Amino acid sequence: MELPQMPELMGLSLLLGLLALMATAAVARGWLRAEEETGRPVGQKANGLPPDKSLKSKKQKQRIRKEKPQQHNFTHRLLAAALKITAHEQLAVNSHNGNISCMDFSSNGKYLATCADDRTIRIWSTKDFLQREHRSMRANVELDHAILVRFSPDCRAFIVWLANGDTLRVFKMTKREDGGYTFTATPEDFPKKHKASIVNIGIADTGKFIMTASSDTTILIWNLKGQVLSTINTNQMNNTYAAISPCSRFVASCGFTPDVKVWEVCFGKKGDFQEVVRAFELKGHSAAVHFFAFSNDSRRMASVSKDGTWKLWDTDVEYKKQQDPYLLRTGRFQEASTMPCRLALSPDSQVLALACGTSIHLYSTRRGEEEERFEQVHGECITDLSFDITGRFLASCGDRAVRLFHNAPGHRAVVEEMQGLLKRASNESTRQRLQQQLTQAQEALKSLGALKK
């Protein structure tokens, strides 16, 4: 057998050895460079412990985990509070990331209900509004989410409109020994009747009927058992809004036509339903009406139209004698001519709030002038706007928070009214009472930094 020549074998060995040395040197230089940059040996954590084998998988999970949207920040001297759940509550309920679509104050003034697209309804205590923390109770909506919510008159239940189910669901509120509530959905939802998207729901303060209105021309009047009592065709091409009056006598709607139509829902002396009849109309706008609202006593109504105006009406009329509502005031609101807007009327009808996009404008109905403006209140378009039953606060929602404002224009209206009454008062006891109310309103404005000189 012939062996290979020695010089060739040695040359091959030297070549392989040189390549191995070069590779080792390159790796060593990389380690040294990494140690210089981090200040610790490669493969060792900052605490000196061996590297965590699960570090890679944790980083992968962090990349996959969806980032939570940033909460919109807003500040103003008249901002009383922002209702948001605390960080502790977020951990307990796996966070509350849904945008709030609707809210409703209870008739006893104790609670505010909000619904969001995270399948929850929250009940907030109004006595906590000016506290540092705001407590809330949560009701879950199974396999759906609510887009509208309304309290029952006795505050022992609330109804919601289901986004996917397209129907009403009733939740009963049962008080626990610890002061909290248990929320239980009734076994069956209302039957599906509407053929178009819903624009509003409501419960009469008398507890006699429920109203639902859709975006076609349909309004349905239901009894509390889920049976349809009457169907109203508004003949307005489409409905943009509908509501029940606080006195529970009327149902009104607005839409494509330049008027607001009002019907009376009639019941017999024994409480049995009889009929729905046309009552009166608010005529005076020259374009479609976006929204309207009633005062707390139903004697005033306000409307806002695409014609760029808002109007205040006296609706305390004998419509059965063909008496029409009186136009009390017209104001300019140019933003309404370019985009939809919402409206809220204070309980005493002294202040009108208009929301367009993410901004809110407050007007004095006595003088027709804009008194306050809040811009970029929410991170998204405002979805609901409402005064509380006392008129002290104006609430708005549009993202993941409810923002509450002090009603400074309401206090100013009291000042103007009391000053006028004092000039005409002849009785000393009356003057003292008026002076006391005047002083209270002035002190409230002073504390808010809103007292006009």
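The values are calculated or read from the model by the stated rules, or taken from the named source; none is laboratory data. Remember, it's a predicted structure, so these values are computed and weren't measured experimentally. Backbone-built Cβ (ideal geometry, glycine too); neighbour counts: all protein chains shown. For accessibility, only protein heavy atoms count, side chains too; no ligands or nucleic acids. Shrake-Rupley method; radii C 1.70, N 1.55, O 1.52, S 1.80 Å.
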Within region 174-190, residues within 19 Å of Asp144 (Cβ to Cβ) and free of Cβ contacts under 8 Å to residues at least 40 places away in the same chain come out as Thr184, Thr186, Pro187, Glu188, Asp189, Phe190
Scanning region 320-338 residue by residue, those open to solvent by 10 Å² or more (accessible area, probe 1.4 Å), outside any strand (DSSP E or B) and touching a Lys or Arg at 6+ places or on another chain (Cβ under 9 Å) turn out to be Asp324, Pro325, Ser337, Thr338
With the first residue restricted to region 231-243 and required to be over 7 Å from Thr217 (Cα atoms), and the second required to be hydroxyl-bearing (Ser, Thr, Tyr) and surrounded by fewer than 21 Cβ atoms within 10 Å (Cβ to Cβ), Cβ contacts under 6 Å at 6 or more apart or on different chains are none
By residue number, the members of region 258-267 that are out of contact with any Phe, Trp or Tyr (no Cβ under 7 Å at 6 or more places or on another chain) and either buried (at least 22 other Cβ atoms within 10 Å of the Cβ) or modelled with pLDDT under 95 (or both) are Lys261
In region 244-257, anything under 17 Å from Val289 (Cβ atoms) and buried (at least 21 other Cβ atoms within 10 Å of the Cβ) is listed as Ser245, Phe250, Val251, Ala252, Ser253, Cys254, Gly255
Within region 402-453, the residues that are under 32 Å from the mean Cα position of the chain (by Cα), outside any helix (DSSP H, G or I) and either surrounded by 14 or more Cβ atoms within 10 Å (Cβ to Cβ) or in contact (Cβ under 8 Å) with a residue 60 or more places away in the chain (or both) are Val402, Arg403, Leu404, Phe405, His406, Asn407, Gly449, Ala450, Leu451
Exercise for review: May I ask you to verify whether Val277 is of a type in the set (Val, Ile, Thr) and crowded, with 21+ Cβ neighbours inside 10 Å?
Suggested key: no
For region 354-371 the number of residues that are over 23 Å from Ala116 (Cα atoms) and either surrounded by fewer than 22 Cβ atoms within 10 Å (Cβ to Cβ) or of a type in the set (A, V, I, L, M) (or both) is 9
| message | Can you find a residue that is part of a loop (DSSP other than H, G, I, E, B), out of contact with any Ser or Thr (no Cβ under 7 Å at 6 or more places or on another chain) and among the small types (Gly, Ala, Ser) anywhere in region 214-224? | response | no
Output for Cβ contacts, cut-off 9 Å, separation at least six or different chains, first residue within 16 Å of Met339 (Cβ to Cβ) in region 377-395, second open to solvent by less than 20 Å² (accessible area, probe 1.4 Å) and hydroxyl-bearing (Ser, Thr, Tyr), reads Val377/Ser396; His378/Ser396; Ile382/Ser396; Thr383/Ser396; Leu385/Ser396
Every listed condition ((1) touching a Cys at 6+ places or on another chain (Cβ under 9 Å); (2) crowded, with 21+ Cβ neighbours inside 10 Å) holds for Phe190 save (1)
Of the conditions (1) under 25 Å from Leu327 (Cα atoms); (2) in a strand (DSSP E or B), the single one that Ile232 does not satisfy is (1)
Among the residues in region 213-223, are any open to solvent by 10 Å² or more (accessible area, probe 1.4 Å) and free of Cβ contacts under 8 Å to residues at least 12 places away in the same chain? no
Checked region 282-319 for anything among the aromatic types (Phe, Trp, Tyr) and part of a strand (DSSP E or B); matches are Phe291, Phe292, Phe294, Trp310, Trp313
Of Asn94, Asn164, the only residue that is part of a loop (DSSP other than H, G, I, E, B), farther than 25 Å from Phe405 by Cβ, at pLDDT 90 or above and not acidic (Asp, Glu) is Asn164
The one condition Phe171 fails out of (1) open to solvent by less than 60 Å² (accessible area, probe 1.4 Å); (2) free of Cβ contacts under 8 Å to residues at least 24 places away in the same chain is (2)
Please indicate, with yes or no, whether at least one residue in region 262-281 is part of a strand (DSSP E or B) and farther than 23 Å from Thr206 by Cα. yes
Within region 126-160, of all residues that are assigned to a loop (DSSP other than H, G, I, E, B) and basic (Lys, Arg), the one most open to solvent (accessible area, probe 1.4 Å) is Arg132
Worksheet item: Does Ser230 meet the test of being closer than 25 Å to Pro191 by Cα, polar (S, T, N, Q) and within 26 Å of the chain's Cα centre (by Cα)?
Response: no
Scanning region 342-378 for residues that are small (Gly, Ala, Ser) and part of a loop (DSSP other than H, G, I, E, B), the one farthest from Ser295 (Cα to Cα) turns out to be Gly357
